[in-house]
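Taking it in order: structure first as structure tokens, then the write-up.
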Amino acid sequence: MTLATKNKLIKALERLLEGKPENQTLRKKAREGKLKINNSSVEKEAGLSVGALRRHEDVRVMIKTKSLEDRVAQGDSSQTPIDVLQSEIKQLKLDKAQANRKKKEYLDLARSHEQALAIQAANHIKMVQEFMEILHESEREKAMDKVVRARPDNLIKGDFR
């Protein structure tokens, strides 16, 4: 069974390299010029399940090398496989730097919102305390019960007595 699977995978890789896949979705991508040769597309072209390559290390290596050769052939004629991989690494580093900048931006924004929420909570506590002081002592407990019952998920802890 594994030899038959290996043959299916190799034939599928050959069809993809020729740009003539049998799979309908891959054929459409090939027409649009968006076909990528990777493990997933080879498995799909071979009509096998996801992960069918896990037992065929030699075919995975073949896919990786042929994919790299194909990218070199499609790119500038002066590019070597090393140049292609280095440009890919450079792009990945740029993407990582951009993601880190966004992460810092969102973290700063979250911290500023947290500070604003703390200020609002403090103002709210102060306001409720002042309202409670206005009420007569006998009615304060009833009023606090109403406040707590109105919002059972009330996160503000205050000493109102």
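Carbon and sulfur atoms: what percent of the 1.4 Å accessible area of the stretch 32-155 do they account for? Provide the component values of the computation, followed by the final result.
Numbers: 5550 of 9980 Å².
The C+S portion of the solvent-accessible surface of the stretch 32-155 is 56 percent.
So if I place +1 on the C-beta of Lys and Arg and -1 on the C-beta of Asp and Glu, and nothing else carries charge, what would the dipole magnitude of the chain be about its Cα centre? I want it in debye, nearest 20.
Once rounded to the nearest 20, the dipole reads 760 debye.
Mind sorting out which of (1) 2.17; (2) 1.19; (3) 2.09 is the real Cα Rg over 2.2 N^0.38 Å computed from the coordinates?
Checking each listed value against the structure points to (3).
Counting heavy atoms of the protein chains only and a 1.4 Å probe, report the per residue accessible area for the stretch 3-74 as a whole number of Å².
Details: 4780 Å² over 72 residues.
I get 66 Å² per residue for this part.
Can you tell me the 0 to 90 degree angle between the C-alpha axis of helix 57-74 and the longest principal axis of the chain, rounded to 10?
The two axes meet at around 90 degrees.
If I take the Cα coordinates of the stretch 3-74 and project them onto the principal axes, what are the three extents in Å, biggest first?
Extents along the principal axes, in whole Å: 31, 26, 16.
As a check on your grasp of the helix formula, calculate [θ] at 222 nm for the chain: sum -39500 (n - 2.57) over DSSP H runs of n ≥ 4, divide by the residue count, round to the nearest 500.
On the way: 6 runs with 120 residues, N = 161.
The helix contribution divided over the chain gives -25500 deg cm²/dmol.
Could you report the stretch 90-150's accessible area per residue, 1.4 Å probe, as an integer in Å²?
Numbers: 5570 Å² over 61 residues.
Spelled out: the 1.4 Å probe surface of the stretch 90-150, per residue, equals 91 Å².
The values are calculated or read from the model by the stated rules, or taken from the named source; none is laboratory data. Computed from a predicted structure; not experimentally measured. Every residue, glycine among them, receives a Cβ derived from its backbone with ideal geometry; neighbour counts consider all protein chains shown. Just the protein is used for accessible areas: all its heavy atoms, side chains included, with ligands, DNA and RNA removed. Shrake-Rupley method; radii C 1.70, N 1.55, O 1.52, S 1.80 Å.
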